[in-house]
1. Just checking, does region 55-62 include any residue being open to solvent by less than 80 Å² (accessible area, probe 1.4 Å), of a type in the set (Gly, Ala, Ser) and assigned to a loop (DSSP other than H, G, I, E, B)?
2. Out of all the residues in region 59-74, which are more than 14 Å from the chain's Cα centre (by Cα) and either more than 21 Å from VAL46 (Cα to Cα) or among the hydrophobic types (A, V, I, L, M, F, W, C) (or both)?
3. Hand me the list of strands (runs of 3 or more DSSP E) wholly inside region 75-114 holding 2 or more residues that are more than 15 Å from the chain's Cα centre (by Cα) and not hydrophobic (A, V, I, L, M, F, W, C).
4. Across region 74-114, what is the number of residues that are open to solvent by 80 Å² or more (accessible area, probe 1.4 Å), free of Cβ contacts under 8 Å to residues at least 40 places away in the same chain, among the small types (Gly, Ala, Ser) and at negative phi?
5. Take the residues in region 1-18 that are exposed (fewer than 13 other Cβ atoms within 10 Å of the Cβ) and modelled with pLDDT under 90; name whichever of them is farthest from VAL85 (Cα to Cα).
6. Kindly establish whether LYS70 is part of a loop (DSSP other than H, G, I, E, B), surrounded by 12 or more Cβ atoms within 10 Å (Cβ to Cβ) and among the charged types (D, E, K, R).
7. Would you call ASN39 more than 28 Å from ILE84 (Cα to Cα), at pLDDT below 95 and within 16 Å of the ligand (Cβ to nearest atom)?
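The values are calculated or read from the model by the stated rules, or taken from the named source; none is laboratory data. Model, not experiment: these values are computed from the prediction. Methodologically, a virtual Cβ is constructed for each residue, glycine included, from the backbone with ideal geometry; neighbour enumeration extends over all protein chains shown. Quick note on the areas: whole protein, heavy atoms, side chains included, nothing else; ligands and nucleic acids left out. Shrake-Rupley method; radii C 1.70, N 1.55, O 1.52, S 1.80 Å.
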Amino acid sequence: MSTLPNCPKCNSEYTYEDGELLICPECSHEWSKNAAEANSDDDVLVVRDANGNILIDGDNVTVVKDLKIKGSSSVIKVGTKAKIVRIVAGDHDLDCKVDGMGPMMLKSSVVKKA
Ligand SMILES: [Zn+2]
């Protein structure tokens with residue numbers, strides 16, 4: 001019998017299989033086996049916006065709060081549109097092209113999918 005992954009919600013080790021689903025008896029969280037395998041792949045960078053939606057290269061986003069730009073007096077206003085050029089690892093994980101500003105690194109936590 002293969003080892004099942006721990007519950008992603010409560011980290012319980014008592015997960016069990018039900019067809020294509022994995023089920024946690026402790027918090028009754030259910031998730032698909034395939035998703036669990038995809039998530040265990042460290043090469044895949046999963047970046048979520050302020051609402052928890054997964055962001056991908058090429059997504060259009062809007063800024064959800066005013067952002068001061070370090071070393072400048074400019075501010076990116078809430079509601080400013082941006083396009084994700086690519087997603088990178090790190091603190092500022094979005095390499096974006098911001099409307100009226102040009103290329104800029106943003107945090108995924110300050111944008112939402114447009
Ligand atoms: Zn659980």
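1. Of all residues in region 55-62, those open to solvent by less than 80 Å² (accessible area, probe 1.4 Å) come to 55, 58-59, 61-62.
Those left that are additionally of a type in the set (Gly, Ala, Ser): 58.
Subsequent filtering for residues that are assigned to a loop (DSSP other than H, G, I, E, B) retains 58.
Yes, region 55-62 contains at least one residue that is open to solvent by less than 80 Å² (accessible area, probe 1.4 Å), of a type in the set (Gly, Ala, Ser) and assigned to a loop (DSSP other than H, G, I, E, B).
2. Residues satisfying the conditions are VAL63, VAL64, LYS65, ASP66, LEU67, LYS68, ILE69, LYS70, GLY71, SER72, SER73, SER74.
3. Details: elements: 81-87, 94-98, 102-106, 111-113.
Qualifying strands (runs of 3 or more DSSP E): 81-87, 102-106.
4. Result for region 74-114: 0.
5. Top of the filtered list is MET1.
6. Values: part of a loop (DSSP other than H, G, I, E, B): yes; surrounded by 12 or more Cβ atoms within 10 Å (Cβ to Cβ): no; among the charged types (D, E, K, R): yes.
When the stated conditions are applied, LYS70 does not pass them.
7. On the way: more than 28 Å from ILE84 (Cα to Cα): no; at pLDDT below 95: yes; within 16 Å of the ligand (Cβ to nearest atom): yes.
For ASN39, the condition - more than 28 Å from ILE84 (Cα to Cα), at pLDDT below 95 and within 16 Å of the ligand (Cβ to nearest atom) - is not met.
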